[in-house]
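The values are calculated or read from the model by the stated rules, or taken from the named source; none is laboratory data. Treat the numbers as computed from the prediction; the structure is a model and nothing was measured. Quick reminder, even Gly has a Cβ in these numbers, built from the backbone with ideal geometry, and neighbours come from all protein chains shown.
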């Protein structure tokens with residue numbers, strides 16, 4: 001009994017050490033969203049000039065949709081763009097976008113240069129709708145179920161790994177539900 | 001001699017005056033992030049906005065409040081806080097508006113609730129446990145010394161001790 005008591009500080013130290021070590025693995029930028037499983041915020045964004053369809057909350061029901069928040073000035077957005085294009089064109093997921101705090105002509109030029117896989121794009125010029133979505137760093141992506149609820153959020157550029165391991169299985173699951 | 005002293009005093013005064021003046025004119029503390037165009041006309045409302053902003057974490061530079069941070073998102077949130085206040089929200093209402101979007105993570109003072117119980121209670125619990133352990137240890141030690149009290153010397157032992165002490169004296 002006494003021996004155990006003497007070991008206690010050492011065991012506590014080991015426990016704290018392990019906890020801190022595991023903490024290294026965690027990304028401090030990955031903040032859990034409070035909006036998971038909640039309906040998308042009510043919003044309505046205008047289209048880019050020369051286009052007909054923007055993006056509104058009403059448009060996000062009926063089909064499982066990935067909403068991608070991007071900007072032409074955002075470098076990681078360009079990095080994830082091929083992944084999103086593949087998701088939309090080859091893997092058949094509806095992808096819509098919020099163009100975050102961007103100049104319209106820059107956004108249009110960027111889409112011409114990099115391709116436009118988006119079913120529609122809403123322009124969030126002042127970033128206010130992005131705040132309603134809890135966006136704090138572009139790019140961010142949200143997966144919306146058929147009832148228009150946010151089911152998954154990814155902060156930072158989408159990678160093939162995130163798509164394969166998280167998004168596609170969830171899309172399949174949500175389409176059945 | 002006196003002129004030298006006077007010259008010294010004068011130069012000291014001249015040297016110190018600009019320093020004294022700048023400290024009067026310049027605001028104390030670090031340069032602030034709040035831009036003049038964000039400031040509300042109503043000083044009472046602005047003061048409330050500043051207080052709220054100091055408690056809200058900037059999500060881009062995570063250890064700064066939005067009041068300190070120059071990040072664009074911090075600016076947007078500062079403007080938002082002021083807008084909500086102008087619209088007549090209470091301080092708590094503004095906080096809820098922001099936490100509804102970004103979660104408790106934006107609060108620099110974590111709220112006291114079930115998920116943060118360990119955070120709030122642990123220091124006091126550890127202090128209590130440590131105090132208890134110390135008290136028990138000290139009590140145990142006092143008990144041990146009391147037990148170590150031995151029987152008084154016998155007559156024979158006393159004689160031998162006296163003999164030894166006398167020998168020492170010589």
Yes/no for residue B:102 being in contact (Cβ under 8 Å) with a residue 40 or more places away in the chain and out of contact with any strand residue (DSSP E or B) (no Cβ under 8 Å at 6 or more places or on another chain): yes
Residue B:106 being within 11 Å of chain A (Cβ to nearest Cβ), modelled with pLDDT of 90 or more and in contact with a helix residue (DSSP H, G or I) (Cβ under 8 Å, 6 or more places away or on another chain): yes
Sole exception among (1) more than 19 Å from the chain's Cα centre (by Cα); (2) farther than 20 Å from residue A:125 by Cα; (3) in contact (Cβ under 8 Å) with a residue 12 or more places away in the chain for residue A:94, by number: (1)
Odd one out for residue A:31 among (1) at pLDDT below 95; (2) outside any loop (DSSP other than H, G, I, E, B): (2)
Selected residue (criterion: farthest from the other protein chains (Cβ to nearest Cβ)) from residues of region B:51-65 that are in contact (Cβ under 8 Å) with a residue 24 or more places away in the chain and not in a helix (DSSP H, G or I): B:55
Residue A:7 at pLDDT 90 or above and either surrounded by 10 or more Cβ atoms within 10 Å (Cβ to Cβ) or over 23 Å from the mean Cα position of the chain (by Cα) (or both): no
Filter result (surrounded by fewer than 13 Cβ atoms within 10 Å (Cβ to Cβ) and either within 21 Å of residue A:56 (Cβ to Cβ) or out of contact with any strand residue (DSSP E or B) (no Cβ under 9 Å at 6 or more places or on another chain) (or both)) within region A:16-35: A:16, A:17, A:18, A:19, A:20, A:21, A:22, A:23, A:24, A:25, A:26, A:28
Search result, residues across region B:67-110 that are assigned to a loop (DSSP other than H, G, I, E, B) and over 13 Å from residue B:56 (Cβ atoms): B:70, B:87, B:88, B:89, B:90
Of the criteria (1) within 26 Å of the chain's Cα centre (by Cα); (2) exposed (fewer than 10 other Cβ atoms within 10 Å of the Cβ), which one residue B:88 fails: (1)
Top-ranked residue in region A:91-132 [being within 14 Å of chain B (Cβ to nearest Cβ) and farther than 16 Å from residue A:77 by Cβ; ranked as surrounded by the fewest Cβ atoms within 10 Å (Cβ to Cβ)]: A:126
